[in-house]
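The next block holds one structure in the form of structure tokens; read it before the comments.
The values are calculated or read from the model by the stated rules, or taken from the named source; none is laboratory data. A quick note: this is a predicted structure, and the numbers were derived from the prediction, not measured. We place every Cβ from the backbone using ideal geometry, glycine too, and count neighbours over all the protein chains shown. Heads up: the accessible areas ignore ligands, DNA and RNA and are worked out on the full protein's heavy atoms, side chains in. Shrake-Rupley method; radii C 1.70, N 1.55, O 1.52, S 1.80 Å.
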Amino acid sequence: MNFITKKRNISNSINVFRFITQDFAKDTINPNEVEHHSNLKDIWWKSNGPLNALHSFNPLRISFIINGLLNMKKIETKNIGTRQSLKNIKILDVGCGGGVLTEALSRLDSNVTGIDPSKELISIAIDHSVILRNKNIKYLNESIEEHMKLNVEAYDAIVTSEVLEHISNKYSFLTSCVECLKPGGSLFITTPNRTFCSWLSVVKIGEQLNFIPKGTHQWEKFICPHELQSILEMNCQCDTIAINGLTYNPFTNRWCWTDSTDISYALHAVKGK
Amino acid sequence: MNMMPMKLSAVRLYSSLSSNKKYYDVIIAGGGMVGCAMASKLSQEPSMCGASILLLEGGLKKDYALDTKKNSPNRSYSNRVSAVSKSSVQLLQSVGAWQIIEDIKGCNAVKEMRIWNSGGGQSGGANNVLTFNNDNDLAYIVENDNILGALYKQIHDDPNITVHYDSRVNQCNLPETPSEMATVKVANAETTYETSLLIGSDGYGSKVRSAINDQQYVSWEYGQRAIVATLNIQSDEDDIYKGHVAWQKFAQLGPIALLPLDNQICSLVWTTSIEEAQRLINLNDNEFIQALNDVLSEEKELNKSSMLLADDVVRMVTTVLSKFSQSNNNNELHKVVKSVPPIITGVTENSRGSFPLGFGHACQYVGQRVALVGDAAHRIHPLAGQGVNLGFNDVIELSDQLNKSLLTGADIGDLNALLNYETAAQRRNVPIMLGVDGIQKLYGSSNNFIPPAIMTLIRNVGIAFCQSASSMKKALSDKASGLPV
């Protein structure tokens, strides 16, 4: 009972918020956030740097995406379990940054586009993509709202990994994302939860001990899985297929799945037909 | 606005491709047994489908003439052989090489291992023979040339693998960041090769190893040499394991191993001091056989009273231990342990050779876009016959980790995958290496600090203890066969 009222309250408040911000599509992007991430451009591709956690996150989020698409029967049978597993799948990576995840997706032969509001990060992503050799990758320096105008219902899957926690207007961001998705397409999101646990581990311990660059996260902007789920269900006509908990061990630099979504989680939703 | 940087990158990509650097996804430096196994194993991984592999071998192309060996009545054996463990056999099976070896009957199963010790005492060492026999075969003795021949046959049939002979790696540049490629230059050639992952399997003097940043290589020489030869032997006719027994004697100067190739022919690995090795190499064939038979049956140090005392203690311990094990070891008691060492009747002409022995271990198996396998990463004493098996295990581990990470879209040279390989390989290799080194120290050398009587006592009690403790024996032989214990 409690849960449902809470859900409703949140979606109401978000609806109010929507009226205020409707005309300012660019508002999902916060200039301070963009500037902060742009400053990380020199260390983005350094292994053993503060962004190492982002690099070691790849195996898990890629397998989450592959499994999700496999469940939706989007992967051709002959490509299952090979390096071509995402062949002929059109993916949009929203907030791709330096392209850590985008490159991994493109290595699996998907047709991937990465967009990011930071000009600096897009340029290091383009520079780095040279190592891919003949793979299909496209980077654009624009926001999802700009991208949406020309790409309505264009993608089989949309990935926004470790991005949502930096977005001010989550409602507008998510509706724009879903707008780009073909009916029946999949939306994959990973983001930290808004709990005491995540405040302590992500914001306090993680950033103090330099596992994460300082000032990367504002805890107030984090979003709980049920909030996210209700936005997706009520405003985006998306059904949530799975929510999996994630934890990170900074000492072994490994991510793993857990039952608890207290720290971070991955969510897979599918757009209604 | 957004298209400009794309074009720029395209230009850069083009310029890097058109320069005189030739790109391969993986370059393997060193085409020995481990390097070849690495190449064919990698190209068979589902994730490496379509990837290009270059194998750089320093030697010239060799004709292993696998077919002519088949069924020849007087087949000759090479003096370099390996004891291939079961996990290595699985690896060779998975790349299709083992079937070729079996077809030419190039492998001989070892069903029993008999290990004994110098100074076995008045009993002639009968009480102090440690025998291993598993229900399954313990290992297979295969000539190195057969393994290489079978692997090269598979490699030449593989369209993904390019082999360059006479190409010793001369210089390798490893990148600081994953954004760059590793480059390799070979001696006597202009071309520079560029690769996402350089695998060093170029032996214990590895050039690739020394290119790794902050590399620390722990190594020492044993001050010993190993003599190899192909021998004719005469063994007990009634032996149920005839032709399938491996013998090892821990003599005063170092272990002597006789590895069975067939009923009459054995391969010798005789570890001894450098001076003694020099002397033995220069003997004529008959003198050499005489010297070897003497060492295999010698009980020279029996005269000393302290030795006799040590022998008594060992016999007592053995009696006690055999009483203990009587209840649960009924089967083994019925078997009379044949302690009679085989008699050497001949040595194949020109089969004698020798090589130096040492210990070496690289603290870093991996670096940015580089990994070491086999002797390049670790070199051990041949007394347990584990050298090539450790190398093959590296191959299994590395290709497994690469396969896993490639399926999640990682770059071939991804450091996280390589670090996973390093952890797994070292966890397996270091205990075996230290164990072998410890046995070498205990049995192999004349130690000046501890009186010989006490050394003999420790050795013999150790052997007696192992012989009666069946569970320990099982663990040891399982460990030696390379399968998970």
Fill in: Residues (in a helix (DSSP H, G or I) and more than 8 Å from every other protein chain (Cβ to nearest Cβ)) located in region A:49-59
A:N52, A:A53, A:L54
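So that you can scan it fast, the table gives a plain yes or no per residue for (1) at pLDDT below 90; (2) part of a helix (DSSP H, G or I); (3) more than 30 Å from B:D414 (Cα to Cα):
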position: B:L8; (1), (2), (3): yes, yes, no
position: B:L13; (1), (2), (3): yes, yes, no
position: B:V26; (1), (2), (3): no, no, no
position: B:S43; (1), (2), (3): no, yes, no
position: B:S47; (1), (2), (3): yes, yes, no
position: B:A51; (1), (2), (3): yes, no, no
position: B:K62; (1), (2), (3): yes, no, yes
Worksheet item: Got a sec? Which of A:K46, A:K78, A:K41 is facing chain B (nearest Cβ under 8 Å), open to solvent by 30 Å² or more (accessible area, probe 1.4 Å) and not small (G, A, S)?
Response: A:K46
Worksheet item: Any idea how many residues of region B:222-265 are of a type in the set (G, A, S), in a loop (DSSP other than H, G, I, E, B) and surrounded by fewer than 21 Cβ atoms within 10 Å (Cβ to Cβ)?
Response: 1
Worksheet item: Given the residues B:K207, B:K185, which is the only one that is touching a residue at least 12 places away in the same chain (Cβ under 8 Å), buried (at least 18 other Cβ atoms within 10 Å of the Cβ), basic (K, R) and out of contact with any Asp or Glu (no Cβ under 6 Å at 6 or more places or on another chain)?
Response: B:K207
Item to complete: Could you please give the count of residues in region A:245-255 that are outside any loop (DSSP other than H, G, I, E, B) and within 14 Å of chain B (Cβ to nearest Cβ)?
Response: 4
Worksheet, complete the sentence: For region B:70-86, pairs from a residue that is under 25 Å from B:V395 (Cα atoms) and β-branched (V, I, T) to a residue that is assigned to a loop (DSSP other than H, G, I, E, B) and modelled with pLDDT of 75 or more, with Cβ under 8 Å and 6 or more apart or across chains, are B:V81/B:L261
Item to complete: Please determine, by comparing only the residues of region B:406-446 that are of a type in the set (G, A, S), part of a loop (DSSP other than H, G, I, E, B) and open to solvent by 10 Å² or more (accessible area, probe 1.4 Å), which one is farthest from the other protein chains (Cβ to nearest Cβ).
Response: B:S446
Fill in: Listing of helices (runs of 4 or more DSSP H) fully contained in region A:102-217 that carry 1 or more residues being within 30 Å of A:E76 (Cα to Cα), open to solvent by less than 10 Å² (accessible area, probe 1.4 Å) and away from every other protein chain (no Cβ under 14 Å)
A:144-150, A:170-179
Worksheet item: Listed residues B:Y217, B:Y204; which is within 30 Å of B:K21 (Cα to Cα) and not small (G, A, S)?
Response: B:Y204
Item to complete: Consider A:L70 carefully, then state whether it is open to solvent by 10 Å² or more (accessible area, probe 1.4 Å), touching a residue at least 40 places away in the same chain (Cβ under 8 Å), out of contact with any His (no Cβ under 9 Å at 6 or more places or on another chain) and more than 10 Å from every other protein chain (Cβ to nearest Cβ).
Response: no
Discussion item. Where the second residue is part of a loop (DSSP other than H, G, I, E, B) and open to solvent by 20 Å² or more (accessible area, probe 1.4 Å) and the first is over 30 Å from B:E176 (Cβ atoms) and β-branched (V, I, T) and lies in region B:346-374, which pairs have Cβ atoms under 8 Å and are six or more apart or on separate chains?
Written reply: B:T348/B:S76; B:T348/B:Y77; B:T348/B:N79
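Results for (1) of a type in the set (A, V, I, L, M); (2) crowded, with 24+ Cβ neighbours inside 10 Å; (3) under 28 Å from B:A246 (Cα atoms), shown as yes or no for each residue.
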site	(1), (2), (3)
B:A371	yes, yes, no
B:H378	no, yes, yes
B:A384	yes, no, yes
B:L402	yes, yes, no
Item to complete: Kindly indicate whether any position in region A:215-231 is within 15 Å of A:E165 (Cα to Cα), small (G, A, S) and at pLDDT below 90.
Response: yes
Worksheet item: Would you pick out the residues in region B:41-65 that are within 13 Å of chain A (Cβ to nearest Cβ) and either on the phi > 0 side of the Ramachandran plot or free of Cβ contacts under 8 Å to residues at least 12 places away in the same chain (or both)?
Response: B:C49, B:G50
Worksheet item: Just for region B:79-121: of the residues that are modelled with pLDDT of 85 or more and among the hydroxyl-bearing types (S, T, Y), which one is most open to solvent (accessible area, probe 1.4 Å)?
Response: B:S94
Worksheet, complete the sentence: How many residues of region B:132-186 are within 26 Å of B:L66 (Cβ to Cβ), in a loop (DSSP other than H, G, I, E, B) and out of contact with any Ser or Thr (no Cβ under 7 Å at 6 or more places or on another chain)? The answer is 7
Worksheet item: Can you find even one residue in region A:228-242 that is under 24 Å from A:N30 (Cβ atoms) and open to solvent by 40 Å² or more (accessible area, probe 1.4 Å)?
Response: yes
Worksheet item: Considering only residues of region B:388-399 that are open to solvent by 20 Å² or more (accessible area, probe 1.4 Å) and either within 14 Å of another protein chain (Cβ to nearest Cβ) or touching a residue at least 40 places away in the same chain (Cβ under 8 Å) (or both), which is farthest from the chain's Cα centre (by Cα)?
Response: B:I396
